[in-house]
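Working notes, beginning with the structure itself.
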Amino acid sequence: MKTILGKIHLKWCKNCNVPVLDKKCGICGNDTTPVKLTPPADARPAFKEDIFMINNILKNNFGVNENIFKNKIVLINKIPGKDYMKEIIYDGLVFGILKYNEEIKEDNDNEKKWSIIPTVEGARRIINAGANKKIIVIKKDVVPFILKKHASVLRPGVLKVSEDIAKDDDIIILVENEEKNNFKDIHVLGVGRARMNYNEIINSEKGMVAKVRHAETPKEANYLKETGNFEESINKMIEANEDAINKFESNSVGFMRNTIKDRTNMPPVVAYSGGKDSLVVLLLAFKAFNNENINFEVLFTDTTLELPETLKNINDVETKYNINIIKAKSDDFWEKLEEYGPPGRDYRWCSEVCKMKPLEKIINNIYPNGCLTFVGLRKYESMNRSKKPRIWKSPHIEKQMLSAPILNWSAMHVWIYLFKNKAPYNKLYEKCFDRVGCYMCPAMELGEIELIKKLYPELWKKWEDFLINYAKRNNLDEKWVKSGWRWKYKN
Ligand SMILES: [Zn+2]
């Protein structure tokens, strides 16, 4: 992937076992080590629900019963692309990938749709935690072929397989050892993908049993120390990042003050969406403007497709900071839906109808001479946004200039800043969501839709009922109802 986004900020202090966004740790002063993440590397802290979900999958996949992540900071890094895939990071390294498998059909076996693909280090920890599923034990004499010649696991080299293995499962490859059935990290050779199921393996004498993804000379897992429960760990993370966060804060505050200095005819506005990024912008605006006696308004656009947590968050923010948020609202979605059909990733009329139009109306009313709107746009959030300038004219709303004071912040900067300021962030983030938005946004991955269905079945049913009826009227199939509706022109 190209490096258009600039540097990856995320590093780790292996001494304190905390993520650090700088070269040196703010607690012990030691040098930090880069974490090898997939770009754009916009990792975020995992919340209790994320850990709960990951542990459940580890239990289903590998038979692990203990909480591998207890008393440690865990991060989640969404990998861009079509599928729902997220790297799980702790102890300064990638433990594995959390994946939602779109191709698995059985609706009654929902648990199978979620899996974890461990790294080799992740596999060592899974084995130490007592894993007894998805395991293939191989003979000692085939190890050199796998390590040096990148060979696959062939049937003659297999000693034992766990009964649960199905074709295409992610498996852990162990080397035979004297203490039978008592496997530890030191017996882990690698990770791979099964090419046969259990019955095929035991009933054949040759053939490829598993493709090896990664293999390493067996060694012990490299554990780092515990940092305490969630709150204690967060406090350590804040302390370790104090300088880095202060630098980003003063840079953005300075930028905001300078931006309005040159544009005295343009009153400042903060666009608050109920999301984490615009909450940071709001906090920065208090810091930049309150002592300078500069007034600014806060605007929220209610698409009427918001999740309840978002609407509650708008109230929480008003109460905590004693402000009145101006609300723009459109009630046109369901009416226009009949006319236009479902919005798609390549057909986003919803943004025009539900966001731009109501916002433009309000802006024209309150600011006949225009306004300068600060938004929570960040370049790490999206590859497409990486080349944006920090101030530009809105392409949709004539009287609006836009400005992005946290363009260079990563999600970790955002989260540490919110934790540090005890800011009332949207509770959706504590329910496994990486971002907040409309509950039926076509930009969602199927994994995200699964989360919505679980959390708000009645909201999803309303949308699904529409899709089913629309499909009937337009001769569209089940696949379209399940996932195809998210594109108008593709498929
Ligand atoms: Zn440290």
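The values are calculated or read from the model by the stated rules, or taken from the named source; none is laboratory data. Nothing here was measured: the structure is a model prediction, and the numbers come from that model. So basically every Cβ, Gly included, is an ideal-geometry build from the backbone, and we count neighbours across all protein chains shown. With ligands, DNA and RNA removed, areas are computed over all heavy atoms of the protein, side chains included. Shrake-Rupley method; radii C 1.70, N 1.55, O 1.52, S 1.80 Å.
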(message) Of everything in segment 314-356, what is more than 19 Å from Met440 (Cβ to Cβ) and not in a strand (DSSP E or B)? Give them in sequence order.
(response) Ile314, Asn315, Asp316, Val317, Glu318, Thr319, Lys320, Tyr321, Asn322, Ile323, Asn324
(message) Being open to solvent by 20 Å² or more (accessible area, probe 1.4 Å), in contact with a Gly (Cβ under 8 Å, 6 or more places away or on another chain) and either assigned by TED's automatic domain parsing to the domain that holds Val120 or over 30 Å from Ser483 (Cβ atoms) (or both): is that true of Lys14 here?
(response) yes
(message) Take the residues in segment 329-349 that are within 17 Å of Glu464 (Cβ to Cβ) and of a type outside the set (A, V, I, L, M); name whichever of them is modelled with the lowest pLDDT.
(response) Glu338
(message) Yes or no: segment 71-94 includes at least one residue that is open to solvent by less than 10 Å² (accessible area, probe 1.4 Å), within 16 Å of the ligand (Cβ to nearest atom) and among the charged types (D, E, K, R).
(response) yes
(request) Quickly run through segment 426-477 and pick out the residues that are out of contact with any Lys or Arg (no Cβ under 6 Å at 6 or more places or on another chain) and among the aromatic types (Phe, Trp, Tyr). (result) Tyr429, Phe433, Tyr439, Tyr456, Trp463, Phe466, Tyr470
(request) Residue by residue through segment 18-31, note down the ones that are within 8 Å of the ligand (Cβ to nearest atom) and out of contact with any helix residue (DSSP H, G or I) (no Cβ under 7 Å at 6 or more places or on another chain). (result) Cys28, Gly29, Asn30
(request) Please find, among Leu58, Leu37, Leu10, the residue that is within 16 Å of the ligand (Cβ to nearest atom) and of a type in the set (A, V, I, L, M). (result) Leu10
(message) Within segment 292-312, does at least one residue satisfy the condition of being buried (at least 20 other Cβ atoms within 10 Å of the Cβ), of a type in the set (D, E, K, R) and closer than 18 Å to Ile362 by Cβ?
(response) yes
(request) With the condition kept exactly as written, say whether any residue in segment 411-426 is open to solvent by less than 10 Å² (accessible area, probe 1.4 Å), touching a Pro at 6+ places or on another chain (Cβ under 6 Å) and outside the structural domain of Tyr367 (by TED's automatic domain parsing). (result) no
(request) Can you work out which of the residues in segment 254-278 that are of a type in the set (A, V, I, L, M) and open to solvent by less than 10 Å² (accessible area, probe 1.4 Å) is nearest to Ile406 (Cα to Cα)? (result) Met256
(message) Every residue in segment 122-176 that is open to solvent by 40 Å² or more (accessible area, probe 1.4 Å), hydrophobic (A, V, I, L, M, F, W, C) and assigned to a strand (DSSP E or B), please.
(response) Leu154, Leu159
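Take residues that are among the hydrophobic types (A, V, I, L, M, F, W, C) and tell me which of the strands (runs of 3 or more DSSP E) falling wholly in segment 5-87 contain 3 or more.
Correct list: 75-79.
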(request) Restrict the check to segment 333-340 and report whether at least one residue is farther than 18 Å from Tyr439 by Cα and either in contact (Cβ under 8 Å) with a residue 60 or more places away in the chain or of a type in the set (Lys, Arg) (or both). (result) no
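Within 16 Å of Ser233 (Cβ to Cβ) and within 17 Å of the chain's Cα centre (by Cα): does that describe Leu93?
no
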(request) Go over the candidates Leu402, Leu407, Leu428 one by one and state the one that is part of a helix (DSSP H, G or I) and of a type outside the set (Val, Ile, Thr). (result) Leu428
